[in-house]
1. How far apart, in nm, are the 7 Å Cα→Cβ label points at SER137 and ILE276?
2. Students often get this wrong: which residues of segment 156-188 have the backbone nitrogen under 18 Å from the point 7 angstrom along Cα-to-C-beta of ARG246?
3. For the chain, give me the percentage of DSSP beta bridges that are antiparallel, rounded to the nearest 5 percent.
4. Assuming a ≥ b ≥ c are the square roots of the Cα gyration tensor eigenvalues, decide whether the chain counts as rounded (a/c under 1.5), prolate (otherwise, with a/b larger than b/c) or oblate.
5. For ARG222 and ASP97, what does the FRET efficiency come to when R0 = 45 Å and r is the distance between their Cβ atoms, rounded to the nearest 0.05?
6. Å³ per residue of the Cα convex hull, for segment 163-273?
7. Any idea how far the Cα center of segment 413-433 sits from the one of segment 273-330, in Å?
8. Any idea what the alpha-carbon Rg over 2.2 N^0.38 Å comes to for segment 23-97?
Amino acid sequence: MTDLTHPTPSANHFDLIIVGSGSGNSIPEVLAPWRIAMVERGIFGGTCLNVGCIPSKMFVLPADRALKAAESKLEITTSFSGVDWPALRDRIFGRIDSISAGGEEYRASGTEGLTLYRGTARFTADRSFTVAMNDGSPDAIISGDRVLLAAGSRPLLPEIEGMASVGVHTSDTIMRLDSLPKRLAILGAGYIAAEMGHVFSSFGSRVIMYARSGQILRSQDRDIATRFTEQFAQRIDLKLNNVPIRMERTPLGIEITGSDGEISVVDEVLVAIGRIPNSDLLDPGQGGIALTADGRVEVNEYQETSAPGVWAFGDISNPFQLKHVANAEAKVAFANLVASRSSGDQKRQMSYAAIPAAVFSNPQVASVGATEQELIDRGVQYFVGRRDYGGTAYGWALDDHASFAKVLLAPTGEILGAHVIGPQAASLIQPLIQAMTLGQTAHQIAREVMYIHPALTEVVENALLEGLNAIEVG
């Protein structure tokens, strides 16, 4: 067992220092006797709670309803007459802000022996930090026997002529606008751009989206990205293979000059081209922390960093940027730092065998495992099973002619990847995630499981059966 006792214990020395209050705030009860320090530089509770997956989905649900009302399908005449944006915003953040404030108040109270530092932590030596306090008070000097890095990530901002003086938004601020913009430009074509594009266009904004490539959601399976781009183009002004090269604020609005030379005028700009880990803010070299080529904290299968007694998880160390991955890694990291107290405790390993993800736009997208192009690049033999929603009874009820489920199977029936686009995609894919995680084959979950008829889950069943048929034929 590695000796993790700090050589110079003091009043500012702790059993554990946690940098970040997102998933890092999920402290197991078994650590209650420890003296713990938590450092948070931003909004308490982290990205997902305050500016990410939770508020964005609370906007997506009413956006879905607004879009459906405007469609007037299935021989029913409906209409969308507008959104009370300030009321919607205040309802959403009224709930979220109170949760964040309540969590911060609880931790700041010193309950369970925890000391909260509101500021930016930087390594000064092994498991030692200087914390630049947000309120301007003198820096705090702290050290710990163990350290858990969960400092997350932040939006990436490109270098575009004039952008700094224009005043653009990121996912941190766009959902708190005072009013709904009539015209919104979105830079980026990933999941944040797709979700926010759906929200604002459904509520009545004219949305222009700049994409460096020829597809939206290009990291998805190519069939999914192609279909999503086709569907999104019906609602969004897509400027594909096009990037802004200049911005200027004028009396008419914000003028954006694209790489094609065309000028668009909008009221607000959302930059959603990606996120970068906050590792650089920690001065990791001073703490003996190795980084990956793209700047993430390097960890092994136990969430251990290159420095003894230091663990890391979440956006600061993995490329997925998914809350459920961070939560799973947090469980592994906490278990292993507890195990570090005793040489007899078994370490836990993190598995990335079946990492699921969803894009809560419209259409909704969900995926797990490999894409078809990844299998081709790796030279892996595979078979495809695909079923359109319209090929099932519930799909007839939906009158859906665009959505589908797709599975990629090995010759043995092992599920290599699964991809769904359409209503309830994030729920429909769950049995496939479970099968991949537990090592179940397509034969087992397609032929040995009973599917409710005529539920939409038959889309998954039939895609699996078509994949198995492809294997048997040849």
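1. For the pair SER137/ILE276, the computed spacing is 3.1 nm.
2. Flagged as within label range: 159-167.
3. On the way: 46 of 79 bridges.
Once the DSSP bridges in the chain are tallied, antiparallel ones form about 60 percent.
4. Values: a/c = 1.95, a/b = 1.27, b/c = 1.54.
Here the chain falls in the oblate category.
5. 0.65
6. Taking only Cα atoms, segment 163-273 has a hull volume of 95 Å³ per residue.
7. Between the Cα centre of segment 413-433 and that of segment 273-330, the gap is 28 Å.
8. Compared with the compact-globule rule of thumb, segment 23-97 sits at 1.71.
Here, each number is a calculation from the coordinates, and none is a lab measurement. Every value quoted in this text rests on a predicted model; they were computed, and no experiment measured them. Here Cβ is always computed from backbone atoms with ideal geometry, including for glycine, and neighbour counts include all displayed protein chains.
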